[in-house]
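The values are calculated or read from the model by the stated rules, or taken from the named source; none is laboratory data. Note that the structure is predicted; figures quoted are calculated from it, not measured. Because the Cβ atoms are built from the backbone with ideal geometry, glycine has one as well, and the counts that use them run over all protein chains shown. Note: areas computed on protein heavy atoms with side chains; ligands, DNA, RNA excluded. Shrake-Rupley method; radii C 1.70, N 1.55, O 1.52, S 1.80 Å.
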Amino acid sequence: MSDNNEEKLERKLSARHMKMIALGGTIGVGLFMGAKSTIGWTGPSVLLDYAIAGLFLYLIMRALGEMLYVHPVTGSFSQFASEYLHPVFGYLTAWSNVFQYIVVGISEVIAIGTYMQFWWPHLPSWLPGIIAIIFLCIANLVSVSAFGELEYWFALVKVVTIIAMIIVGLVIIVFGFNGIAPTGISNIWSHGFFANGFKGFFFALAIVIASYQGIELIGVTAGEAENPKETLVKAIQDTIGRILIFYIGAIFVILSIYPWDKINQIGSPFVETFSQVGITAAAAIINFVVVTAALSGSNSGIYSASRMEFLLSEEGQLPKIFRKLNRHGVPYVSVISISLGILLGLLLNVLLPIFFPSANQIFVYVYSSSVLPGMVPWIIILISQIRFRKQHADELVNHPFKMPLSPISNYVTLVFLAITLIFMFINPATRIPLIIGIVFLLIMTILYFVKFNFKD
C-alpha cells in the first residue's frame, strides 16, 4: 500500500478535532429538518430504525478501525479497496465519495440560501450560497487545522442545540412547564407504534441510513491526524454512542411530547419545543443552527472529496496537478476543483429551471441519488476487512481494536445493507435515485476499464 500521501500531507488534526469531525459529520440538516419525514413513514418505530442502523454503522466503523490501526492513511477505505480487493474498487470508492460530497455540498449551499431568507426575505437565494462556497474554500486552503477548527465549532453548535432540546423536552415530559402539564411518554405507543406496518418501517430505514452518511469521514482524515492510532480508536469508540444518544434522544423527546400523527401540523418540532418553555427566539435560533449544519456539511464535503481527488492522483487515476500541495500541506488544486464543482451545481440549480421548467425534478433526483454512492464505502470496508485479516494474521495477534464477531458480523451487516437497498427499489419515492446511483457506478466502472485498458 502506497503511503506517499502520508509523507506530504501534514498531521495537524488533534483528538479534539477528530471527535467533533466524526460526530458532526453525521449530525446534519437531516435531523433538524427531516425528522418529521421519517416519523411520517413509520411513526414511533422510527426509534428502532435509528437504533438498528446505529448498531450496524458501529460494526462498519469497527471494521474500519481495525484496519486503520495498522494503516492510518488518507482516503483509507479507497486504498483498502485497491489493496485487498482490486484497483477498480478503490477507483469506484473514491469517485463515489467525490460524487456524494459534491451532490451533498450543492444541496447544502442551496439550503443556506433558503435559510437566510428567514432574516432577509428579498435576498437572492443564490447569493448566500456563493459566499459560503468562497468562505469554505478559503478555509480549506489555509490549512487542514483550519478545516478542523471550523468543523469543531460547527459541530459544537449542533451538539449543544440537541443537548439543550433533550433537556428542555425531558423537563416538559417529567415536570411540565409554565402551565403545561407533564406529557409523560404515552404518546410513543398510544397512537400506534408502527404507523405503516412492516413496509413503512423498512422504507423509513433507507432514509435513516442516509442520515448517518458521513460517519466514515474519520477514515478520510486518518492521514492528517496527530497520534492516529490513539485518536482514531478513541473517536470511533466514543462517536457511535453519542450519535445514538443524540438521534434517539432527540426523537424520543419529540415523540413523547407530540403525538406522531399530529407532528405535520406543528412546524419544526425543535422550534415548537423551545417555544413551549418561553424561548421566543426559538425559530431564529434553530434557523441559525440549520445554517451552521449546512455549512458543516459543505465544509466536510470539500475536505473529503478533495482528499479523494488527491488520492486518485497519487494512484495515477487523475492528472498529477491534483496532488499539488501548497505551503500548508493542502492539496489546493483538488480543494479548488471541488469548490468549483459545488459552485457549478448551485448555478445550474438557479439557471436550468429558467430555461427548462422540468429541471427542478431532475435536481431532486440527483440530490437523492447520493445515497447508494454514500453506501459504497461501507460495503467496501466490510469486504476489505475480511481480506485484511487473511493478509495480516500476525499483526492481529495483539491487536487491541478488533472487529467484534468478524467475519459473521461482516456478512450480517452486508445483508442488512442489501435489504435496505431492496426496499429503496420497492419504494417509488427512492427508486429513481437508487437507479441513478447504480447508473453512476456502472459508468465509472466502464470508464475505469476503458481508460486503463484492462491492465489490472
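Peptides 173-181, 388-396, 58-66 ranked from most to least packed give 58-66, 388-396, 173-181, packing being the mean of other C-beta atoms within 10 angstrom over each peptide's residues. Couplings 3J(HN,Hα) for segment 370-383, derived from phi with the Karplus relation 6.51 cos²θ - 1.76 cosθ + 1.60 (θ = phi - 60°), are 6, 5, 5, x, x, 7, 4, x, 5, 4, 5, 4, 5, 6 Hz, where x marks Gly and Pro.
Separation of the alpha carbons by more than 25 angstrom is noted, of K12/K390; K229/K324; K229/K390; K320/K451; K19/K320; K229/K451, for K12/K390; K229/K324; K19/K320; K229/K451. Near the amide H of L13, within less than 5 Å, lie the amide hydrogens of A225, E226, all on another chain or at least 5 residues away, with H placed in the peptide plane. Look at the alpha carbon pairs under 8 Å that are at least 6 residues apart: their mean separation over the length of the chain gives a relative contact order of 33 percent. Normalised per residue, the accessible area of the chain is 40 Å², obtained with a 1.4 Å probe and no contribution from ligands, DNA or RNA. Projecting the Cα atoms of N196, A164, V220 onto the dipole axis of segment 154-262, where Lys and Arg carry +1 and Asp and Glu carry -1 at the beta carbon, places N196 farthest toward the positive end. Per-residue 3J(HN,Hα) values for segment 342-353, derived from phi via the Karplus relation 6.51 cos²θ - 1.76 cosθ + 1.60 with θ = phi - 60°, read 5, 4, 4, x, 4, 5, 5, 4, 7, 8, 4, x Hz in sequence order (x marks Gly and Pro). Extension gain for N227 to W120 (0.36 nm times residue separation, less C-alpha to C-alpha distance): 34.0 nm. Here the Karplus relation 6.51 cos²θ - 1.76 cosθ + 1.60, evaluated at θ = phi - 60°, turns the backbone of segment 90-95 into coupling constants of x, 4, 5, 5, 5, 6 Hz, with x for every Gly and Pro. Can you classify segment 31-163 as rounded, prolate or oblate using the Cα gyration tensor, where a ≥ b ≥ c are the square roots of its eigenvalues, rounded means a/c under 1.5, and otherwise it's prolate if a/b beats b/c and oblate if not? Judged from the Cα gyration tensor, segment 31-163 comes out oblate (a/c at least 1.5, b/c at or above a/b). With the full set of protein chains in place, find how many percent of the accessible area of the chain is carbon and sulfur; take the probe as 1.4 Å. Carbon and sulfur together cover 69 percent of it. Classify segment 178-221 as rounded, prolate or oblate from the Cα gyration tensor: take a ≥ b ≥ c as the square roots of its eigenvalues, call it rounded if a/c is under 1.5, otherwise prolate when a/b beats b/c and oblate if not. Taking the square roots of the gyration eigenvalues as a ≥ b ≥ c, segment 178-221 is oblate. For segment 293-435, the relative contact order is 17 percent, taking Cα pairs closer than 8 Å that sit 6 or more residues apart in sequence and dividing their mean separation by the residue count.
Under the convention that each Lys and Arg Cβ holds +1 and each Asp and Glu Cβ holds -1, the size of the dipole of the chain around its Cα centre is about 240 debye.
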